[in-house]
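S.K.: Have a look at the structure that comes next, please.
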Amino acid sequence: MDRSYLNDVPDDQGGPAMPTDRSEASRPVPFTFWLGTHRPGWLSWIDVPLMVSHRTLGRRRIDKLPRATQPWVLDSGGFTELGMYGGWASSPQQYAAAVRLYSTEIGMLAWAAPQDWMCEPDMMAGGGWKVGTGLDVAEHQRLTVANFIELRSIAPDLPIIPVLQGWQPWEYERCAEMYEAAGVDLAAEPVVGIGSVCRRTPADHRVAERSIRRIAPHVGPLHGFGVSLAGLDMYGDALGSSDSLAWSFWARADGAHILDCDQPLSRSGETYSVANCPGCALAYRREVVRRAELGTFGHPAWEQLEMEYAR
Ligand SMILES: [Zn+2]
């Protein structure tokens, strides 16, 4: 297995000083990047850690599921599902059954996201293509924690992770308290997700950074859902892992291959749209790994931040 993605990233660099009570906080921690893809078939032939969505896999026939050749993680597809329907269409029982199927048939599932409730303002109020749930942050958090408790009770053997939802730092802390009150020891969890952090404005990025630096010392290694390169530069040192499909959106928006894509890889002479180009995906991953190795996480490159917002 390719383990080159396990880069030692020192976590004692830069950023605002935050109280910490974890004795291991000064030790280098490995950082894992889960490369997002719309193509589940990559699991069987691209040798890097991948994130695939339940929304993509759920459309496949059981006998068409790939066999994974390296560890991967499952996204529950909540951003799309909540945005489109204002709630979860599938029950916890149905989702747990799907996770079990993927775990058995595809294999090497490292963890799966729960059916959590994102807390971006337009996810609740609606706007653009999102219909809005009509609920508030506290209710989204209550539903998120309740779903995790139910999934773990239905399928305690499946690696479904708890996810912290919120918007302001104090709200993420309240979500952590809700888990503790429900008997979940977040400090003992091998992975704890943090959602609603892939925001779009510099001011919101700073709010996300404050949230992450406040919560990180008190819970297991944090996974930042959909964190951009700019986000990693700001607070990647406080995360254990992240994922991104940004490469696909960039390539589709540009209508061209991105970064140092060295042409689409192909297993069988297929052609790819740039939004599904394995070369672009691996080029983006190389950039994340390069920054992790350089130790630039926690030292934001403001030019890069501005470039991303200009897109
Ligand atoms: Zn490409």
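S.K.: So who's got an amide H within less than 5 Å of the one on T32, skipping anything under 5 residues away but keeping other chains? H placed 1.01 Å off N, in plane.
M.R.: S241, S242
S.K.: Hey, what D do you get for segment 132-231 in µm²/s if you plug the Kirkwood alpha-carbon radius into Stokes-Einstein at 25 °C and 0.890 mPa s?
M.R.: 177 µm²/s
S.K.: Can you work out ³J(HN,Hα) from phi for every residue in segment 66-81, in order, using Karplus 6.51 cos²θ - 1.76 cosθ + 1.60 and θ = phi - 60°, giving whole Hz and x for Gly and Pro?
M.R.: Those phi angles translate into x, 9, 6, 9, 8, x, 8, 10, 9, 8, 7, x, x, 4, 6, 5 Hz.
S.K.: For segment 79-174, state which chymotrypsin sites (Phe, Trp or Tyr not before Pro) are in a DSSP loop and have at most 13 other beta carbons lying within 10 Å of their beta carbon.
M.R.: W129
S.K.: Non-local amide H neighbours of I160 (under 5 Å, H modeled in plane, Pro and chain starts lacking H): which ones?
M.R.: For I160, the qualifying residues are A112.
S.K.: Another question, then. For a quick check: with amide H placed at 1.01 Å from N, whose amide H comes under 5 Å from M51's, ignoring anything fewer than 5 positions away on the same chain?
M.R.: Residues meeting the criterion, in which the H sits 1.01 Å from N, are L35, G36, T37, V73.
The numbers here are math on the coordinates, done by the rules we state, and not lab data. Every value quoted in this text rests on a predicted model; they were computed, and no experiment measured them. Reconstructed Cβ throughout: ideal geometry from the backbone, glycine too, with neighbour counts over all protein chains shown.
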